[in-house]
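A short write-up of the structure that comes next.
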Amino acid sequence: MNEILGGPVTVFAGGLRPLPPEGQMTGMFKTRLDAPVLCTREGLVGDMQADRRYHGGPDKAVHLYPADHYARLVAAFPALAGQVGPGTLGENLSVAGVDETQVCLGDVFALGECRLQITQSRRPCWKIDHRLGVSGASRRVADEGITGWYFRVLDEGLIAPGDDMMLVERPNPDISLARLWAVETAHRPAVDEVRALSRAEGLSAGWAKKLAQRADWLERQADGTNGGSND
């Protein structure tokens with residue numbers, strides 16, 4: 001396969017800082033790196049996450065947010081003009097020229113000395129509103145599917161700013177991240193599709209479990225064996 005997707009990467013890492021206005025600790029404030037950094041199965045050396053229940057870990061070791069999405073955020077929230085750009089939403093990697101419609105769940109990329117595999121979309125949360133200082137930004141990210149995604153690290157090594165992302169494996173060519181997100185956010189998706197996605201190669205363990213549970217619930221509703229609501 002060996003296809004370069006998008007432009008050269010920009011790389012970010014950072015420690016923990018309080019998030020205005022209430023002071024919750026966050027790892028969203030990143031610094032752009034200008035030298036190679038070691039990427040381990042837990043992520044970039046020197047990078048931190050505040051709430052490990054929802055961020056970090058082997059299935060969410062490295063976060064990529066497409067650089068072109070920032071223009072869409074500025075179009076939706078003009079007050080952000082000149083205030084946002086690559087690194088603002090806490091991503092480790094930023095790349096122009098590629099988005100969720102062009103990559104698939106389970107894609108494996110060679111990047112520097114590493115091999116990285118896409119595991120899931122990023123679920124936007126309230127911290128995006130606080131980070132940007134605008135209400136409704138998180139909802140806009142979710143509604144437009146401009147979420148970015150997470151990688152697991154298959155092979156550790158150095159990543160350098162300016163490296164290219166080389167697509168080397170695509171086990172799920174029919175499961176773009178745009179499709180995955182559409183099913184994830186659908187009110188009543190087709191149970192067969194949810195079940196198939198839950199078993200897809202490369203999917204993070206957390207998403208696999210939740211999608212399987214959702215497929216079970218949808219089947220019970222279709223059979224009339226459970227009168228409860230999941231809405």
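The values are calculated or read from the model by the stated rules, or taken from the named source; none is laboratory data. The shown structure was predicted, so the numbers you read here are calculated from the model rather than taken from an experiment. Reconstructed Cβ throughout: ideal geometry from the backbone, glycine too, with neighbour counts over all protein chains shown. The accessibility values were calculated without ligands, DNA or RNA, using every heavy atom of the protein model including side chains. Shrake-Rupley method; radii C 1.70, N 1.55, O 1.52, S 1.80 Å.
Tallying residues that are more than 28 Å from THR40 (Cα to Cα) and not aliphatic (A, V, I, L, M) within segment 71-87 yields 5.
Within segment 160-190, if we keep just the residues that are touching a Phe, Trp or Tyr at 6+ places or on another chain (Cβ under 9 Å) and hydrophobic (A, V, I, L, M, F, W, C), the residue that is surrounded by the fewest Cβ atoms within 10 Å (Cβ to Cβ) turns out to be VAL168. Just to be sure, is VAL153 under 17 Å from the mean Cα position of the chain (by Cα), modelled with pLDDT of 95 or more and assigned to a strand (DSSP E or B)? Yes, satisfied. Hey, does segment 139-162 have a residue that's out of contact with any Gly (no Cβ under 6 Å at 6 or more places or on another chain), under 16 Å from ASN92 (Cα atoms) and free of Cβ contacts under 8 Å to residues at least 40 places away in the same chain? Looking for residues that are out of contact with any Gly (no Cβ under 6 Å at 6 or more places or on another chain), under 16 Å from ASN92 (Cα atoms) and free of Cβ contacts under 8 Å to residues at least 40 places away in the same chain, one finds none in segment 139-162, hence no.
Evaluate segment 5-26: report whether one residue or more is among the hydroxyl-bearing types (Ser, Thr, Tyr), in contact with a Ser or Thr (Cβ under 9 Å, 6 or more places away or on another chain) and open to solvent by 10 Å² or more (accessible area, probe 1.4 Å). The answer is yes; a qualifying residue exists. The residues of segment 100-150 that are acidic (Asp, Glu) and either within 21 Å of ARG32 (Cβ to Cβ) or surrounded by fewer than 19 Cβ atoms within 10 Å (Cβ to Cβ) (or both), listed by number, are GLU113, ASP129, ASP143, GLU144.
From the list ASP192, ASP143, ASP174, ASP163, the lone residue that is within 20 Å of ARG41 (Cα to Cα) and either among the acidic types (Asp, Glu) or within 14 Å of the chain's Cα centre (by Cα) (or both) is ASP163.
For segment 114-155, filtered to residues that are acidic (Asp, Glu) and out of contact with any Cys (no Cβ under 8 Å at 6 or more places or on another chain), the residue that is nearest to VAL168 (Cα to Cα) is GLU144. Among the listed residues ALA81, ALA61, identify the single one that is closer than 24 Å to GLY162 by Cβ and hydrophobic (A, V, I, L, M, F, W, C). That would be ALA61, the only listed residue that is closer than 24 Å to GLY162 by Cβ and hydrophobic (A, V, I, L, M, F, W, C). Looking only at segment 76-131, filter to residues that are part of a loop (DSSP other than H, G, I, E, B) and of a type in the set (Val, Ile, Thr); which one of those is nearest to the chain's Cα centre (by Cα)? Looking at residues that are part of a loop (DSSP other than H, G, I, E, B) and of a type in the set (Val, Ile, Thr), I get VAL103.
Scanning segment 75-99 for residues that are under 16 Å from VAL11 (Cβ atoms), surrounded by fewer than 22 Cβ atoms within 10 Å (Cβ to Cβ) and polar (S, T, N, Q) yields a total of 1.
Within the span defined as segment 193-200, one or more residues are in a loop (DSSP other than H, G, I, E, B) and open to solvent by less than 90 Å² (accessible area, probe 1.4 Å). Residue check: ARG41 meets all listed conditions (1) without any contact (Cβ under 8 Å) to a residue 40 or more places away in the chain; (2) at negative phi; (3) open to solvent by 50 Å² or more (accessible area, probe 1.4 Å) but one, namely (1).
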